[in-house]
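A quick write-up on the structure given underneath.
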Amino acid sequence: MLSIIQAAGWPIWPLIACSILALAIVIERFISLQTKKVVPPRLLEEVLSVTRKGIPPSDVILQLEKNSALGKVLASGLRAVSNEPQLSEEDLRATMESVGRKVAHRLEHYLSALGTIASAAPLMGLFGTVVGMIEIFGSQAPGGSTVGNPAQLAHGISIALYNTAFGLIVAIPSLIFWRYFRGRVDEYLLELELAADRMARHIKSLRKQRSATPAEPQP
């Protein structure tokens, strides 16, 4: 491996740095975008079940907020209703939507950097190819003779080919993982949106049930 890096010349070092950065982003996103950290399967049903008896206390809402991204969105709605019981449905949805945008930004963290690496790596490889071609032309003997330094000629060819190949090696996996994470985030955002809508409708139905229940006669 070291011999390949030496043969590729100095233009390969930016590509190596990009490959390390891309690998770190992929590992971090795999850890951060786990389903249990974003949309736990049974969390929404549990919250709906608990809120049928009324809005839970603040400590329960705080615990829900720390649970996951979905918990953060649902907790924002519960906290808004707890602070203002007469909050309109439009304001409730706006509150959860605002928190949802913050959650979406966090889910998309580093994806733009990964996409940039996928786009820039082939250009870096092309730059190395150009440097290699310059080495090849520089190896030609002065005066127009086609006989040059064979070692310098071979070095120029190795720079050109290794950088082109390494640029593609970095770009292709980066693009694949970028598209994978992009699709995964889009699925999570859809689930968060549907969960927030269901929570808003659930709170609306609870209000209707309580308003329809006759007050108990005073003794």
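All of the numbers you see were taken from the coordinates with simple rules; none came from a lab. Since we're looking at a predicted model, the values are computed, not measured. Every residue, glycine among them, receives a Cβ derived from its backbone with ideal geometry; neighbour counts consider all protein chains shown.
Overview of values
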{"quantity": "Order of Met199, Met133 under a 10 Å beta carbon neighbour criterion, fewest first", "calculated": "Met133, Met199"}
{"quantity": "Nitroxide proxy distance, nm - points 7 Å out along Cα→Cβ at Lys66 and His105", "calculated": "2.3"}
{"quantity": "For the range 2-210, radius of gyration divided by Kirkwood radius, i.e. Rg to Rh on alpha-carbons", "calculated": "1.32"}
{"quantity": "Check: the range 2-210 dipole with +1 on Lys, Arg Cβ and -1 on Asp, Glu Cβ, in debye", "calculated": "860"}
{"quantity": "Interchain or long-range residues, amide H under 5 Å from Leu87's placed H", "calculated": "none"}
{"quantity": "Rough spin-label spacing in nm, given labels placed 7 Å along Cα→Cβ, for Glu187 and His202", "calculated": "2.3"}
{"quantity": "Lys36 paired with Ser58, simple spin-label distance in nm, labels 7 Å along Cα-to-beta-carbon", "calculated": "3.1"}
{"quantity": "Cross-link pairs beyond the 28 Å C-alpha cut-off, checked among Lys72/Lys204; Lys102/Lys204; Lys102/Lys208", "calculated": "Lys102/Lys208"}
{"quantity": "Order of Val38, Val60 under a 10 Å beta carbon neighbour criterion, fewest first", "calculated": "Val60, Val38"}
{"quantity": "Which of Ile12, Ile169 has the fewest Cβ neighbours within 10 Å, and the rest in rising order", "calculated": "Ile169, Ile12"}
{"quantity": "Fully extended contour minus Cα-Cα distance, from Ile172 to Ile27, at 0.36 nm per residue", "calculated": "50.6 nm"}
{"quantity": "For the range 59-76, 3J(HN,Hα) per residue [Karplus equation, 6.51 cos²θ - 1.76 cosθ + 1.60, θ = phi - 60°, Hz, x = Gly/Pro]", "calculated": "5, 5, 5, 5, 5, 5, 4, 7, 5, 6, 5, 4, x, 5, 5, 5, 5, 5"}
